[in-house]
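Quick notes on the structure that follows.
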Amino acid sequence: MLTYQTAGESHGKGLAALVDGFPAGVPLDSAFIDAELRRRQGGYGRGGRQKIETDSAEILTGIWRGVSMGSPILLWVKNRDYKIDEMPTPTQPRPGHGDLTGSMKYGQGIRPILERSSARETAARVAAGALAKLLLRELEIDVVGFVSGVGAVDLTPDAATETLSAQELREIRDGNEIFSLRPDKDAEAKKAIDDARSAGDTIGGLIEVRVSNVPFGLGTHAQWSSKLDGRIAQAVAAIQAMKGVEIGAGFALAKTPGSLAHDEILWDASLRSTRSLGFVRPTNRCGGLEAGMTNGCPIVVRAAMKPIPTLLKPLRSIDLATLEPVEAAYERSDACAISAASVVVENVVAFEIAAAIVDKFGGDSLEEIKARMELQQKTLELRLPR
Ligand SMILES: Cc1cc2nc3c(=O)[nH]c(=O)nc-3n(C[C@H](O)[C@H](O)[C@H](O)COP(=O)(O)O)c2cc1C
């Protein structure tokens with residue numbers, strides 16, 4: 001099983017990700033992992049913290065002569081802003097954050113709760129996801145995430161982008177500060193963020209992730225806990241501030257008749273020996289997942305991020321020291337973190353795909369995974385009538 005856990009606090013010494021079950025023989029590319037970490041720190045509307053931190057991951061274990069050894073990999077992202085013991089502990093819990101419940105539940109005040117619930121922790125998730133992408137890269141599976149909405153500004157990409165390669169999508173996305181596929185609406189999106197900031201407010205947004213060249217049959221219909229749609233949804237919903245997850249057309253399907261909701265199955269003999277096995281879907285409303293299994297179409301996942309809870313113009317709260325009405329605490333914060341969040345969602349989805357690969361094809365070595373993927377392709381082709 002390929003899994004990861006994270007440790008660390010926002011103003012502690014740093015963030016760690018312990019990745020267990022990572023196959024041997026995958027070439028390490030630290031520059032790639034660091035580039036993903038730097039991308040998480042970018043985007044329009046970020047505040048002062050990102051200027052202080054210039055993240056890079058030190059790989060402390062599990063690599064031998066530049067390749068993975070098959071043993072646990074410990075990634076360490078150092079905090080330059082290490083001052084946890086000097087930080088005050090506020091008593092005015094912020095609505096939308098873990099302050100109230102966490103301080104009541106653990107009895108140590110708000111500081112320890114906000115230190116761990118802070119999205120600084122996502123640096124560790126991105127490091128783990130970027131490592132997982134090194135495995136996916138070897139298997140020619142590509143994961144691209146982008147912003148598809150900023151507050152009320154709709155950045156839904158043109159349908160034509162569905163035929164673009166992952167590399168082409170990345171080029172469009174990386175050419176604008178919002179990280180969307182709609183550079184034509186960049187100014188409008190930036191204005192929405194600027195307006196929120198000037199009003200002392202915050203805004204959320206929407207994110208989409210596409211995974212291409214996915215093999216048939218990752219995940220399973222047989223047990224709820226192994227369904228890949230469920231695993232992806234858990235990984236995405238567990239990211240700070242994510243309040244909605246959709247697979248494919250998601251919530252819109254509730255209002256769509258079945259005749260227009262499902263993806264008809266066609267056949268193209270010329271594609272028989274590709275990962276799609278020749279089964280062609282004119283649409284992909286199911287987002288590449290049916291009954292918890294990949295069906296050869298790209299996986300499409302969307303996430304809805306709520307506005308950041310720390311407001312320059314704070315909401316009403318109760319002081320936990322006096323039980324008097326008070327304004328919620330303010331701690332250095334962004335007006336909108338949707339671009340950074342898109343990097344996080346992309347990387348956690350990548351990790352789940354890599355975990356599903358290891359589940360299906362075995363986890364000892366890259367060589368073995370490749371051989372088993374080829375065997376699966378041949379086996380499935382043999383199942384097709386001649
Ligand atoms: C990339 C990213 C950056 C974030 N930045 C902030 C921030 O600067 N200030 C803040 O209050 N919340 C921020 N959040 C959201 C909070 O961490 C989150 O709302 C909080 O931990 C409560 O968790 P929940 O929203 O999942 O319930 C950010 C979230 C993400 C994904």
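The length gained on full extension between Thr3 and Ser259, counted as 0.36 nm times the residue separation minus their Cα-Cα distance, comes to 88.3 nm. With the charge dipole of the range 3-383 set up from +1 on Lys and Arg Cβ and -1 on Asp and Glu Cβ about the Cα centre, the Cα lying farthest toward the positive end among the listed residues Thr379, Pro314, Ala233 is that of Pro314.
Inter-label distance, Asn213 to Asp158: 2.5 nm, where each label sits 7 Å from its Cα along the C-beta direction.
Working note: Cα atoms of the chain, range along each principal axis, descending, whole Å: 77, 50, 39. In this simple spin-label model, placing a label point 7 Å from the Cα along the Cα-to-Cβ direction at both Glu368 and Ile318 gives a separation of 5.6 nm.
With a simple spin-label model that places each label point 7 Å from the Cα along the Cα-to-Cβ direction, the separation between Asp85 and Thr61 comes to 2.6 nm. Placing unit charges on the Cβ atoms only, positive for Lys and Arg and negative for Asp and Glu, gives the chain a dipole magnitude near 320 debye about its Cα centre.
Of the whole protein surface, Ser71 contributes about 40 Å² of accessible area at a 1.4 Å probe radius. In the full protein context, the chain carries 47 Å² of accessible surface per residue, based on a 1.4 Å probe and ignoring ligands, DNA and RNA. The loop-placed GluC sites (Glu not before Pro) in the range 42-145, going by DSSP, that have at most 12 neighbouring Cβ atoms within 10 Å of their Cβ come out as Glu140. Measuring against 31 Å, Cα to Cα, the residue pairs Lys13/Lys243; Lys133/Lys255; Lys243/Lys370; Lys227/Lys313; Lys185/Lys313; Lys255/Lys360 contain Lys133/Lys255; Lys243/Lys370; Lys227/Lys313; Lys255/Lys360 as the ones spanning a longer distance. Of the trypsin sites (Lys or Arg not before Pro) found in the range 1-84, those in coil by DSSP whose Cβ has at most 15 other Cβ atoms within 10 Å are Lys13, Arg65, Arg80, Lys83. To put it simply, the accessible area of the range 95-145 at a 1.4 Å probe is 54 percent carbon and sulfur. Excluding same-chain neighbours fewer than eight residues apart, the aspartates and glutamates reachable from Lys190 by a Cα-Cα span under 12 Å are Glu177.
Screening the chain for DSSP H helices whose Cα atoms reach 20 Å or more along their own axis and whose mean Kyte hydropathy is at least 0.0 gives 122-138, 338-361. Phi-derived couplings, Karplus 6.51 cos²θ - 1.76 cosθ + 1.60 at θ = phi - 60°, listed residue by residue for the range 300-309: 10, 10, 10, 9, 10, 9, 7, x, 4, x Hz, with x used for Gly and Pro. For the range 37-153, place one equal point scatterer on every Cα, skip the solvent, and apply the Debye formula. What is log10 of I(q)/I(0) at q = 0.19 Å⁻¹? Each listed q maps to, in turn, -1.18.
By the rule of a C-alpha distance below 15 Å, with chain neighbours fewer than 8 residues away ignored, the aspartates and glutamates paired with Lys83 are Glu9, Glu53, Glu115, Glu331.
Computed over neighbours whose Cβ is under 11 Å from that of Met1, the net charge equals -2, Lys and Arg +1, Asp and Glu -1. Between Gly248, Gly362, Gly278, the Gaussian network model of the chain with springs among Cα atoms under 10 angstrom shows the greatest mean-square fluctuation at Gly278. Applying the criteria of a DSSP loop state and at most 12 other Cβ atoms within 10 Å to the GluC sites (Glu not before Pro) of the range 195-285 yields Glu264. The slack between Glu168 and Met69, meaning 0.36 nm per residue of separation minus the straight C-alpha distance, is 32.3 nm.
Using the Cβ-Cβ distance between Val280 and Ser198 with R0 set to 45 Å, the FRET efficiency from 1/(1 + (r/R0)^6) comes to roughly 0.35. In the elastic network of the chain, a GNM with C-alpha springs shorter than 10 Å, the most mobile of Ala196, Ala123, Ala355 is Ala196. Using 0.36 nm per residue and subtracting the Cα-Cα separation, the extra length available between Arg386 and Glu327 on full extension is 14.1 nm.
The values are calculated or read from the model by the stated rules, or taken from the named source; none is laboratory data. If you're wondering where the values come from, they're calculated on a predicted model, not measured in any experiment. Ideal geometry is used to build each Cβ from the backbone, glycine not excepted, and the neighbour counts take in all protein chains shown. The protein model used for the area step is the full one, side chains on, heavy atoms only, and it has no ligands, DNA or RNA in it. Shrake-Rupley method; radii C 1.70, N 1.55, O 1.52, S 1.80 Å.
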